[in-house]
1. Do we have any residue at all in region 339-362 that's of a type in the set (A, V, I, L, M, F, W, C), closer than 20 Å to Arg537 by Cα and open to solvent by 20 Å² or more (accessible area, probe 1.4 Å)?
2. Which residue pairs have Cβ atoms under 9 Å apart, sit 6 or more places apart or on different chains, and have a first residue in region 547-573 that is under 19 Å from Leu363 (Cα atoms) and a second that is part of a loop (DSSP other than H, G, I, E, B) and of a type in the set (Phe, Trp, Tyr)?
3. Need pairs with beta-carbon distance below 7 Å; first residue among the acidic types (Asp, Glu) and within region 381-401, second not in a helix (DSSP H, G or I); sequence gap 6+ or separate chains.
4. With the requirement that a residue be within 27 Å of the chain's Cα centre (by Cα), assigned to a loop (DSSP other than H, G, I, E, B) and surrounded by fewer than 18 Cβ atoms within 10 Å (Cβ to Cβ), what does region 595-629 give you?
5. Condition first: open to solvent by 10 Å² or more (accessible area, probe 1.4 Å) and not in a loop (DSSP other than H, G, I, E, B). Now tell me which residues in region 88-97 satisfy that.
6. Go over the candidates Arg240, Arg256 one by one and state the one that is modelled with pLDDT of 95 or more and charged (D, E, K, R).
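The values are calculated or read from the model by the stated rules, or taken from the named source; none is laboratory data. These numbers come from a predicted model, not from an experiment. Here the Cβ is made from the backbone with ideal geometry for all residues, glycine too, and neighbour counts use every protein chain on show. Heavy atoms of the whole protein, side chains included, go into the accessibility calculation; ligands, DNA and RNA do not. Shrake-Rupley method; radii C 1.70, N 1.55, O 1.52, S 1.80 Å.
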Amino acid sequence: MRAPAYSSLFFAWLAFLAFQPARAAVDRVVIIKVDGLPEGLLERYVAENGDGARDGHSRLPWIEHVFAKNGAWLDNFYVRGISLSAPSWSMLDTGRHLEIRGNAEYDRYTLRVFDYLNFFPFYVANSRKRQADMPGVELLDENGVPLLIDRYPFAQRYQSFQLFQRGVRWKSLESTLPDKLTSHPIKDLFDEWQTGFSLASAVGEQTERELLENLKNPDMHYLDCFTGDFDHVAHLTGDRVALLHVLESLDSLIGRVWAAIAASPYPKSTALLMVSDHGMNTSPGVYSQGYNLIDWFNSAAGGGHHVLTNRHPMTEFKLKGLDPFVSEVISPSSESFYLAGESAHYPTAVMDLDGNERASISLRNSSLNAMQILLDQLMHRKLPGRVRHAALEALFQTLDRVRPLWRRNAVELAEDLRELQTQIEKQQELVHTHEHLTKEDRANGMELDHERQLNRLETWKAEERTYSTYVATINRLLGLDPADFDPGKFNMEDLIPRRSLGEANSIRDLQHYIAGPAATGLAVASDGSLDWERSFRYVDYFPALSAISVRNNVQKGVGPQPVDFIAVKAGIKNDALWLWRDPDHQALILTRHNPAGTLELRYLPVARLSQDEWGDVHYDTPAWGAGFPLQLFEDPLLNVPESERPRWLGEWHTEREWLNAVHRTKYSNGIIGLVEELLSEPVASRYLERKRELRHADMLVMSNDHWNFNVRGFNPGGNHGSFFRISTHSVLLAAGGADTGIPRGLRVETPYDSLSFVPTILDLIGKPEASLPGPVIRELLGLGKDTGRGPVLPAIE
């Protein structure tokens, strides 16, 4: 008698399981986090032999021994999204898509600055029990995004000083800070703050001592150690000797940690990983060339903007630039067309001063500019009757055009604020219940939890105040009625919100941006209406930015134009991006989800794209050729046969398929990174989704090779932030004891990005999370090569 079909399936599955390796045991995870270390440079120094007595041995012998010979080395590990520290570490620390898209971000409605890199205010607030965690951690907590470290109880983890830091180990600083301050000349401390104050020489040594000591503690199961030394030096110089010196120090650290693991309670079940957040575009023969975009936006050509940044620009010329507690600085324009002397109240542009190879720029809404200009004319100018009538009509026409969207957003935000007020009342009760803590509570981290809840309460109160002020002002503006409008009844701040950019600009706005009134004043058309083209000054920011050129660049390997291309949301159902290089070389990156729910991308070359006043987008579709943004078609390292490129590039592909094809090209995984940086899946909370959208920039301006926009002090050594492979190609190495299952002498050629880091670690420790978006690194887990199609199981008949 023949056995039932399900019986054959069952026994076949048992046979498959019998041949699978036993689950590896990882009792402890140790992570060395290295800021800015490029894989290519590390690979080169590991392969390079020393001189004299060390001939035949690697310049980095411990890294070679631990990872190259006795561990796993990923040849193609990339940062996903923009190659900046705050967003990059956020993905490596969470395993989730970006919530943080720059080193500093701004709320469009209130101009609240999210200054993720400035740790000085955090330390002061923490010392006063007013802030438990770094700003980036607070934002992730609010959005329900846990860190990798959160999987471990408070008493089982050791965390060094870093961007996504929970709490402050004051005992570490108490023993190192006085020595740092007393043993170094004050000029050296000033110089260090200008280029990135690190305290590395003292705090780094103390951190290492604590790390090695905690490796002896059997209760410690998660330990990390962050070093920013390489990033710090590489920004200053591309000199190979200086960079080698830093890497030799790192190599010695790996040796001491590896030896401590061997002597620890878990020598066989400890996994040691070394990871970097991004690469570095540095070259011994090239000085990184800087361009000051603040000056350009201050100028008439750039729109005469008052520019808000998170630091003082060009600090080497200003003593006040040394102030480490500054997060808001306004650079006023001497060429403002209508807001002279109003920079403190009406900044009209914001940018992250730590620009590196990119600048995220937001401008005040163009229609809001038009309305303020018209109101100013009506309030303070003696306009002829015909011009006054045309200006009034234009004001209310503009209001009628924007009112549906602006009114809806104001109403929804007011509803959200009422809900927020309820949350504030509940939070006040929660904070009150946490006020009395025992000694045991403090040992378990409950004191920090209390500070978190208290800080969240104060943050919500501030949001309720500032958003309510914005809503009230916008409602007064939208409530104006032409039947009884009397400009004499209002002050400007009653109708135009101060310190606010208003709603995001569309492509149409950025192509036809109203920067001020025309030099000859308002003009009336033949039909009696306002002549908009003759009444205002306009800037088309795409050709204007691309046309920036310098005359004093003497480096042969660096071109005269700082701007490579510009990326913005395309406004096509909010699921597309538009990339501008010049009028004839543009692109759309389109997104969709296939029937299985997997994200797919398509690259479409376009030309002369424009958006009309009704929001419709128009463009030409030229044939494939060289010169389009990301330069995929002509790149010799694109992993697609040349004869098939036009067809392949025009089709829909998953992110994994794109990564396999493009990761070795000049712009590496840029097509994926742009989508990660500028688009996002909506979240369930309307309030959180709105706040996320308010932090999005209008434009992402990418620099050409060896250019940077770091206006705080142009880094002469190298920079990062772009999608160039040299900036996105980062480091991931792993090694472990016999019980961890980590292969020895393994080279992984399959490309992976930062979303795979946390899922792989969680799988190593036996706590996988299916909800994380990134694939595990199958080779590292002994599961075979990633095919890009998911795990391959034996056929069962």
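1. The answer is yes; a qualifying residue exists.
2. Listed pairs, sorted by first residue: Ile548/Tyr291; Val563/Tyr291.
3. Here the result reads Glu393/Ser529; Glu393/Leu530, each pair linking region 381-401 to a residue that is not in a helix (DSSP H, G or I).
4. Of everything in region 595-629, those that are within 27 Å of the chain's Cα centre (by Cα), assigned to a loop (DSSP other than H, G, I, E, B) and surrounded by fewer than 18 Cβ atoms within 10 Å (Cβ to Cβ) turn out to be Gly597, Thr598, Gly627.
5. Asp93
6. Arg256
Matching residues to (1) part of a helix (DSSP H, G or I); (2) open to solvent by 10 Å² or more (accessible area, probe 1.4 Å); (3) under 21 Å from Thr207 (Cβ atoms):
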residue: Ala72; (1), (2), (3): no, no, no
residue: Glu99; (1), (2), (3): no, yes, no
residue: Thr110; (1), (2), (3): no, yes, no
residue: Val124; (1), (2), (3): yes, yes, yes
residue: Lys129; (1), (2), (3): no, yes, no
residue: Glu138; (1), (2), (3): yes, yes, no
residue: Asp141; (1), (2), (3): yes, yes, no
residue: Pro146; (1), (2), (3): no, yes, no
residue: Ala155; (1), (2), (3): yes, yes, yes
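One line per residue, one yes/no per condition, for (1) more than 26 Å from Ala483 (Cα to Cα); (2) modelled with pLDDT of 95 or more; (3) part of a strand (DSSP E or B):
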position	(1), (2), (3)
Asn356	yes, no, no
Ile361	yes, yes, yes
Leu368	no, yes, no
Ile373	no, yes, no
Met379	no, no, no
Lys382	no, no, no
Val387	no, yes, no
Phe396	no, yes, no
